[in-house]
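In what follows, a single structure is set out as structure tokens and then discussed.
The values are calculated or read from the model by the stated rules, or taken from the named source; none is laboratory data. Since this is a predicted model, take the numbers as computed values, not measurements. Backbone-built Cβ (ideal geometry, glycine too); neighbour counts: all protein chains shown. For the accessible areas, the whole protein counts, side chains as well, though only heavy atoms, and no ligand, DNA or RNA atoms are used. Shrake-Rupley method; radii C 1.70, N 1.55, O 1.52, S 1.80 Å.
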Amino acid sequence: MNETVFYFATTLGKIVVFTHLALILAALMVLGERRISAVMQSRLGPNRVGYGGLLQPIADALKFFFKEDVVPGQVEKVLYILAPAITVIPALLTIAVIPFGPALTIFGTEVPLVIADLDIGILFVFAIASLGVYGVVLAGWASNSRYPLLGGVRSSAQMISYELVLGLSVIGIFMSTGSLRLLDVVAAQQDGVWFAFSQPLGFLLFVICAFAETNRLPFDTPEAETELVAGYHTEYSSMKFAMFFMGEYTAMFVFAALISTLFLGGWDIPFVTAEQLAAWGNWGSLLGFVSFFTKCLCFMFFYIWVRWTIPRFRFDQTMALGWKVGIPAGVANIVATAFILLPPGTL
Amino acid sequence: MSDARMLDVEIAEDRHEDTIALNMGPQHPSTHGVLRLILELDGEEVCKCEPIIGYLHRGKEKVGEHHTLHQNIPYTDRMDYLAPLANNVAYAIACEKLVGIEAPPRAQAIRVICAELGRISSHLLGLGAYAMDLGAMTVFLWTFREREAIYSMMERISGARFTTSYTRIGGCARDFPEDLFPKLEKFVREFPHRVDEYEGLLTRNKIWVKRTQGVGVITVEQALQYGLTGPNLRACGVEYDLRKLHPYSGYDLYDFEVPVGTTGDCYDRYMVRVEEMRQSTRIIEQVLDSMPSGPYLNRAGDDELKSVQPEKKKVLTNMESLIHQFMVFTDSVDLPHGEVYFGHENPKGELGFFLRSEGGSKAQRMRIRGPSFASLQVLQEVVPGHMISDIMAILGSIDFVMGECDR
């Protein structure tokens, strides 16, 4: 078989599988959130549709489709309609560089379980993910109404501030690995310890940013229900609202995947070396994939757990945390890593 | 409506170039009920806050002048609808003062239980909604777990979960059910642990403390000027509790403390309410231990006390008593001339009933003093200078209910 055709076929296959995986997971995550929060609050949660409520996401989606799509009179039509799409697309695009597991061997050819193995991996993620903020800002602005406007302003300020911290927090990792390629980062962790242990401060900062960037409690000020009604998506209904929802949950999955990749060893299984995993062939790949997914799900659970436990920061407190604590701590982390990496005897 | 809209316009014209007017309510997730605030914002900061009330006005005072005293009892349920039993008690005692009788000891003890259950229920909702407005949803649903238990008990006591209408002039509508004692004892035993659970989520939570401490400070002067009562006043450090100052219903028999705050900020108001719930359980515990036996309603003898109901058995066997019963519930109890005011320590503050009678069966004038009405006025003093998010903390900590504010 022609090599080019094979390449295109496998890449297309990966795109279809991984994006759908993310979307399905986002949908199940909504259900998971509702069921888990119910347990935490001594309720039952949605358990009527399908076994244990498993079909609830489908019911929700159907409902969203059949809802009337209200476009208020005062909005800027083009941007108003575009905004939800701008939120979803970057979230889905970032999945391209996330390695889901060790390479599979199909017909004797190695196929890495990553859609695009870019050398600048993490930079691509940050570049694309930061586009997501435009969706939120434009939604707030195009709605031409005051609550969404406040939500949009809060959101842009918050996401831009925390992107700085986010960028600083991972620099330590790339100083140690010497590469921005995510496959290299995983490989470095398979050989050594997970970066969660060798870069604890960076890990902590990244987790905080993961919450802030996805507008999750305690940083959900942009859509703070009890303050701004629904924040930037107050004026949205039907499928447009659902797209914001999808965008948010997909972004959560992306951040869970990033944390697993960058700090929790990716598909690495504790006490199993890369060679052992490779020796099991495709089964090893599958095992790695499962390990990666387990880590993602654990972090997703953490997302939910935090949301239903603690109150929300005030907007200025969120900003103060980002600028006065996050950025200095990020810089300190870089300096400390630099000193540790310094070859002995240099000073 | 047109007036309110005018106000919006006024603020809009009045404001500086770089501020925006924001209408919050009457249908906003955290202006519980139908409170409306018109805010003038400079970015996130509030420069001006104008509370607009009256969306739930039902003319309770006027209604009270068109019904006989007994007929008015159900209307009191719907004032502070988070503690209907406490309102019933407040109204009944005011009427008894006007008529010049007193409820028998057992009825008084039952009323104390009712008022304290109402207090716990109201504080639970207040705490839950307060926490929810600041983002801690779980506390809200946890408090509902206990409120559910309280509602079941209210149903057993009065026959209704919400609109209890339990008291009568001279006592209670029926006796306290015997089978409720073990249930109530169990509740009283377990409830302090539940309060610990809520406190575990909030009291020392860094974010909660950051959001509430030093926010929405009401000074003692402001509190006194605006006539704040109840937990809101006590959080400022004023030990003003009608149960201690003018004991009624035998509150002087029970041993309890009046928690007070120091600074009058949102955190103090939270702590005061939490502590009050514990004290209320203590009171209920003591009432359960010392529940007197005897009648639960002051019955009319053959020739005295024509303003209270005769005994049911006599009503069914004796012509005069039947007529008497009919009269009590239709209209011809002759009230003595005079006027009374009774202030009851309701969960949200002093709920006062002023009644003036010029004979006849109806009050010639009825005036209700609602604590939420006073607490909401202080908003325009306290809110400016805070951020939008702080409004939720302030509203939640002031714990108002529009049913009793608008009446």
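Interface between chains B and A: roughly 2600 Å² of accessible area buried, both sides summed (probe 1.4 Å, protein heavy atoms only). Among A:Thr221, A:Thr105, A:Thr318, the residue with the largest mean-square fluctuation in a Gaussian network model of chain A, with springs joining Cα atoms closer than 10 Å, is A:Thr105.
So for chain B, averaging the separation of alpha carbon pairs under 8 Å that are six or more residues apart and normalising by length, what relative contact order in percent results? Can you show the working numbers first?
Values: 773 pairs, mean separation 102.5, N = 407.
It rounds to 25 percent for chain B.
Helix B:137-158 and the longest principal axis of the Cα set of chain B meet at an angle near 10°.
Which value in Å is the Kirkwood Rh of the range A:198-274 over different Cα pairs?
Working: mean 1/r = 0.0695 Å⁻¹.
Its Kirkwood hydrodynamic radius stands at 14.4 Å.
In chain B the Cα-Cα distances spread across 20 Å bins starting at 0 as 27, 54, 18, 1 percent of all pairs. For B:His344, the amide hydrogen comes within under 5 Å of the amide hydrogens of B:Leu351, B:Gly352, B:Phe353, counting only partners 5 or more places away or on other chains and with H modelled in the peptide plane. The mean accessible area for residues of the range A:270-322, using a 1.4 Å probe and ignoring ligands and nucleic acids, is 50 Å² per residue. In this structure the amide hydrogen of B:Gly338, modeled in the peptide plane, comes within under 5 Å of the amide hydrogens of B:Ser357, B:Gly359, none closer than 5 places in sequence on its chain.
Out of the total accessible area of the range B:258-378 (probe 1.4 Å, heavy atoms of protein only), what percent is carbon and sulfur?
Details: 2840 of 5260 Å².
Carbon-and-sulfur percentage of accessible area, whole number: 54.
Note on the range A:14-86: semi-axes of the ellipsoid equivalent to its C-alpha gyration tensor, largest first and rounded to whole Å, are 29, 19, 12.
What length, rounded to one decimal in nm, is gained on full extension from A:Glu275 through to A:Lys63, with 0.36 nm per residue of separation minus their alpha-carbon distance? Walk me through the numbers before you get to the answer.
Numbers: separation 212, 0.36 × 212 = 76.32 nm, distance 4.89 nm.
Stretched fully, the A:Glu275-A:Lys63 segment lengthens by 71.4 nm.
For q = 0.13, 0.15, 0.18, 0.19 Å⁻¹, what log10 I(q)/I(0) does the range B:128-284 give under the Debye formula with an equal point scatterer on each alpha carbon and no solvent? Results for the range B:128-284 at q = 0.13, 0.15, 0.18, 0.19 Å⁻¹ read -0.77, -0.99, -1.27, -1.33.
Give the Kirkwood hydrodynamic radius (Å, one decimal) of the range A:48-195, defined as one over the mean of 1/r across all pairs of different Cα atoms. Before the final figure, lay out the partial values.
Numbers: mean 1/r = 0.0534 Å⁻¹.
Radius from the Kirkwood sum: 18.7 Å.
Heavy-atom surface analysis with a 1.4 Å probe gives chain A a carbon and sulfur content of 73 percent of its accessible area. In the elastic network of chain B, a GNM with C-alpha springs shorter than 10 Å, the most mobile of B:Val209, B:Val34, B:Val382 is B:Val209. Here B:Tyr341 sits with roughly 100 square angstrom of accessible surface, probe radius 1.4 Å. Mean partner shielding of peptide B:202-212, defined as the number of other chain Cβ atoms within 10 Å of each residue Cβ, is 3.
Comparing the full protein assembly with the isolated chain, the residues of the range B:355-395 losing at least 30 square angstrom of accessible surface (1.4 Å probe) are B:Met387, B:Ile388, B:Ser389.
The value of relative contact order for the range A:17-149, using C-alpha pairs under 8 Å at least six residues apart, is 23 percent. Calculated on C-alpha atoms, the gyration radius of the range B:295-407 divided by its Kirkwood radius gives an Rg/Rh of 1.23. Taking amide hydrogens as placed 1.01 Å from N in the peptide plane, the amide H of A:Ile106 sits under 5 Å from those of A:Val111, each at least 5 positions away in sequence or on another chain.
Between the beta carbons of B:Arg367 and B:Gln27, assuming R0 = 35 Å, the FRET efficiency works out to 0.70 to the nearest 0.05. Couplings for the range B:346-357, taken from phi via the Karplus curve 6.51 cos²θ - 1.76 cosθ + 1.60 with θ = phi - 60°, read 7, x, 9, x, 7, 9, x, 10, 10, 10, 10, 10 Hz in order; Gly and Pro are left as x.
Per residue in the range B:109-142, which ones lose no less than 10 Å² of accessible surface when going from chain alone to all protein chains (1.4 Å probe)? Buried-area filter returns B:Met132, B:Asp133, B:Leu134, B:Gly135, B:Ala136, B:Met137, B:Thr138, B:Leu141, B:Trp142.
What is chain A's relative contact order, in percent, from Cα pairs under 8 angstrom and six or more apart in sequence? Don't jump to the answer; show the numbers that get you there.
Working: 506 pairs, mean separation 79.2, N = 347.
Averaging sequence separation for qualifying contacts and normalising by length gives 23 percent for chain A.
Expressed as a whole percent, the proportion of Cα-Cα pairs in the protein assembly as shown lying more than 50 Å apart is 30%.
Restricting to DSSP H runs of at least four residues, report the calculated mean residue ellipticity at 222 nm for chain B, -39500 (n - 2.57) per run over all residues, nearest 500 deg cm²/dmol. Numbers along the way, then the final one.
Working: 18 runs with 204 residues, N = 407.
Value at 222 nm, helices only, nearest 500: -15500 deg cm²/dmol.
Restriction of the trypsin sites (Lys or Arg not before Pro) in the range B:53-95 to DSSP coil positions whose beta-carbon has at most 15 other beta-carbons within 10 angstrom yields B:Arg58. Taking A:Lys324 as the anchor, which lysines have their alpha carbon closer than 22 Å to its alpha carbon, excluding any fewer than eight residues away along the same chain? Cα-Cα hits under 22 Å: B:Lys206, B:Lys210. Along the range B:317-322 the Karplus relation, 6.51 cos²θ - 1.76 cosθ + 1.60 evaluated at θ = phi - 60°, assigns HN-Hα couplings of 10, 10, 4, 4, 5, 4 Hz to successive residues, with x for each Gly and Pro.
Computed from the C-beta positions of A:His20 and A:Thr309 and an R0 of 25 Å, the FRET efficiency is 0.20 to the nearest 0.05.
Kindly identify residues of the range A:302-347 having a loss of at least 10 Å² in accessible area between the isolated chain and the assembly of all protein chains, probe radius 1.4 Å. When all protein chains are present, A:Trp308, A:Thr309, A:Ile310, A:Pro311, A:Arg312, A:Phe313, A:Arg314, A:Phe315, A:Asp316, A:Gln317 each give up 10 Å² or more of accessible surface.
Say R0 is 22 Å: what FRET efficiency, to the nearest 0.05, do A:Leu123 and A:Thr11 get from their beta-carbon distance? The formula returns an efficiency of 0.60 here. Rounded to the nearest 20 debye, the dipole magnitude of the range B:143-285 is 460 debye, with +1 charges on Lys and Arg beta carbons, -1 on Asp and Glu beta carbons, and the Cα centre as origin. Spin-label pair B:Phe162-B:Asp196: with each label point 7 Å from Cα along the Cα-Cβ axis, the two points sit 3.4 nm from one another. Projecting label points 7 angstrom from Cα along Cα→Cβ for A:Asn144 and B:Ile20 puts them 1.4 nm apart. Within chain A, helices built from complete DSSP H runs that reach 30 Å or longer along their own axis (Cα positions) and carry a mean Kyte-Doolittle hydropathy of 1.0 or higher are A:3-40, A:238-262, A:281-307.
Rounded to the nearest 20, the size of the Cβ-charge dipole of chain B about its Cα centre is 1200 debye, with Lys and Arg at +1 and Asp and Glu at -1. With all protein chains kept in place, the per residue accessible area of the range A:24-138 amounts to 52 square angstrom at a probe of 1.4 angstrom.
How long are the three semi-axes of the equivalent ellipsoid for chain A, computed from the Cα gyration tensor as the root of 5 times each eigenvalue, in whole Å, largest first? Each step should come with its number before you reach the end.
Working: eigenvalues 227, 138, 76 Å².
Listed largest to smallest, the semi-axes of chain A are 34, 26, 20 Å.
From zero outward in steps of 5 Å, how is the percent of C-alpha pairs of the range A:192-347 spread across the bins? Going out from 0 Å in 5 Å bins, the range A:192-347 shows 2, 8, 13, 16, 16, 14, 11, 9, 6, 4, 1, 0, 0 percent. If you take all C-alpha pairs in the range B:221-377, what percent of them are over 18 Å apart? Everything past 18 Å amounts to 70 percent. Distance from the alpha carbon centroid of the range B:185-259 to that of the range A:218-282 works out to 41 angstrom. Note on A:Asp316 and B:Leu245: the model spin-label points, each 7 Å out from Cα along the C-beta direction, lie 3.5 nm apart. Ordered from largest to smallest accessible area (heavy atoms of protein chains, 1.4 Å probe), the residues A:Phe18, B:Phe373 come out as B:Phe373, A:Phe18.
With a threshold of 28 Å on the Cα-Cα distance, the over-threshold entries among B:Lys97/B:Lys348; B:Lys314/B:Lys362; B:Lys186/B:Lys312; A:Lys67/B:Lys48; B:Lys60/B:Lys97; B:Lys186/B:Lys348 are B:Lys186/B:Lys312; A:Lys67/B:Lys48. Taking A:Gln190, A:Gln41, A:Gln56 as the candidate residues, the one with maximal mean-square fluctuation in a Gaussian network model of chain A, Cα springs under 10 Å, is A:Gln41. Heavy atoms of the protein chains alone define the surface here; on that basis the range B:111-241 has 35 Å² accessible area per residue at 1.4 Å probe size.
How big is the accessible area of A:Val71 in square angstrom, nearest 10, if you roll a 1.4 angstrom probe over the protein chains? Accessible area of A:Val71: about 50 Å².
What's the magnitude of the charge dipole for the protein assembly as shown around its Cα centre, counting Lys and Arg as +1 and Asp and Glu as -1 at the beta-carbon? Answer in Debye, nearest 20.
Working: 63 positive and 81 negative charges, 281 e Å.
Here the protein assembly as shown has a charge dipole of around 1360 debye.
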